[in-house]
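Take a look at the structure below.
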Ligand code: SP5
Ligand code: ZN
């Protein structure tokens, strides 16, 4: 890739560093947090070193956030750590993160109405679907800052001021559904940004999710929508997180029938195979007639990623940007997964350089 100064703005909010996962409960054991603030700092430093200007996220009101997410979820994220501390969980049993416990699944309720418990440790299961996505002091501020970063990035491309922007929206968002957090995600930054484009005059937008994991939250949010095309390439959910969504036969419903494309891929998938699947997804996006594209840019497809099983290497990332640029659409990339901290910066820069080189 020729060296060139990146002109793509990196949209950033200092609040995004305030979330500290500290730990996650995985198959019943507490392990170190995976989605750490250093990931975002490394990506920012790499983009800046490549010449990208940093643009401060501008505050947006809650209108579009409330259009995408259940007010119960946002209220919970705003208040749960205070209630958790008030009820003494940080000292007994010694857990200062909000950890879900009982999940009111459809199978538990058997059709009975969902009741909201008074106890904070009871309520914790209502707005989460896994045990890996803990809430602590600063989580809400970070998640809300990430939403502002994503909204600002799409403003920059929708206005025509930029063809491409990168939203450094941490914590990530693509696993968050309308009413539940999961997969290290609290608010669905990309879904909110897509809705914002539609609210501001676009008729059709596309989300291309290249994270290693299926973007089940984004899929669920737009499942019955004909104005958002969602395409995702990801680990086969038969083998990997999020397990309950991401299969190839999930095509959307109602007005959204045909507007959802899942391309599950086996463990060990290399760059050549993966890029062929990307071409399939992009051809569908082009046929849909999207006016803008949002990219859920997880770089956990990397061969050295500690929680993933694909085999992309550093030379594959510019090819991702190059192919997405071939759509010729205003494009906002957004931070998602990628846990090989030493390489998340160079791989992200690679995507943006590939995009600019092709555009
Ligand atoms: C945004 C994003 O990439 N979220 C990923 C959520 C995946 N969570 C499942 C991780 C499984 C971790 N396995 C732990 C292995 C410990 N040795
Ligand atoms: Zn991921």
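Mean separation of Cα pairs under 8 Å and 6 or more residues apart, divided by the residue count, gives the stretch 285-354 a relative contact order of 44 percent. Helix 37-49 and the longest principal axis of the C-alpha atoms of the chain enclose an angle of approximately 20°. The modelled label-to-label distance for the pair residue 270/residue 253, using points 7 Å beyond Cα in the direction of Cβ, is 4.0 nm. Short-range pairs are left out: with C-alpha atoms under 8 Å and at least six residues apart, the relative contact order of the chain is 18 percent. When 324, 36, 31 are arranged by Cβ crowding within 10 Å, least crowded first, meaning fewest neighbours, the order is 31, 36, 324. Note on 16, 259, 169: ascending count of other Cβ atoms within 10 Å places them as 259, 16, 169, the fewest first. Of 216, 189, 121, the residue with the greatest mean-square motion in the GNM of the chain, using alpha carbon springs below 10 Å, is 121. Relative to the longest principal Cα axis of the chain, at what angle does helix 71-86 sit, 0 to 90 degrees, rounded to 10? Once rounded, the angle reads 50 degrees. Length gained on full extension, residue 203 to residue 63: 48.5 nm, using 0.36 nm per residue less the C-alpha separation. Structural descriptor for the stretch 238-352: relative contact order 25 percent, calculated from alpha carbon pairs under 8 angstrom and at least 6 residues apart. The antiparallel fraction among DSSP beta bridges confined to the chain stands at about 15%. Rounded to the nearest 0.05, the FRET efficiency derived from the C-beta distance between residue 92 and residue 342 at R0 = 41 Å is 0.60. Only beta bridges with both residues in the stretch 3-161 are counted; by DSSP, about 60 percent of them are antiparallel.
Helix 139-158 and the longest principal axis of the Cα set of the chain meet at an angle near 30°. Can you compute the FRET efficiency between residue 161 and residue 70 using 1/(1 + (r/R0)^6), with r the Cβ-Cβ distance and R0 = 30 Å? Round to the nearest 0.05. According to the calculation, E is roughly 0.35. What the Cβ-Cβ distance of residue 114 and residue 78 gives, at R0 = 30 Å and to the nearest 0.05, is a FRET efficiency of 0.90.
The modelled label-to-label distance for the pair residue 106/residue 22, using points 7 Å beyond Cα in the direction of Cβ, is 3.5 nm. Listed from fewest to most Cβ neighbours within 10 Å, the set 155, 66, 249 follows the order 249, 66, 155. In this simple spin-label approximation, residue 279 and residue 38 carry label points 7 Å from Cα along the Cα→Cβ vector, and these lie 3.8 nm apart.
Extension gain, residue 239-residue 54: 0.36 nm per intervening residue step, less the Cα-Cα distance, totals 62.8 nm. Which residue, 214, 162, 174, has the most motion in a Gaussian network model of the chain that connects Cα atoms within less than 10 Å? Of 214, 162, 174, the Gaussian network model singles out 162 as fluctuating most. Considering only 91, 13, 308, the mean-square fluctuation computed in a Gaussian network model of the chain, springs between alpha carbons under 10 angstrom, is largest for 91.
The numbers here are math on the coordinates, done by the rules we state, and not lab data. Bear in mind the structure is a predicted one, so any value in this text is a computation, not a measurement. Note: ideal-geometry Cβ built from the backbone for every residue, glycine included; neighbour counts use all protein chains shown.
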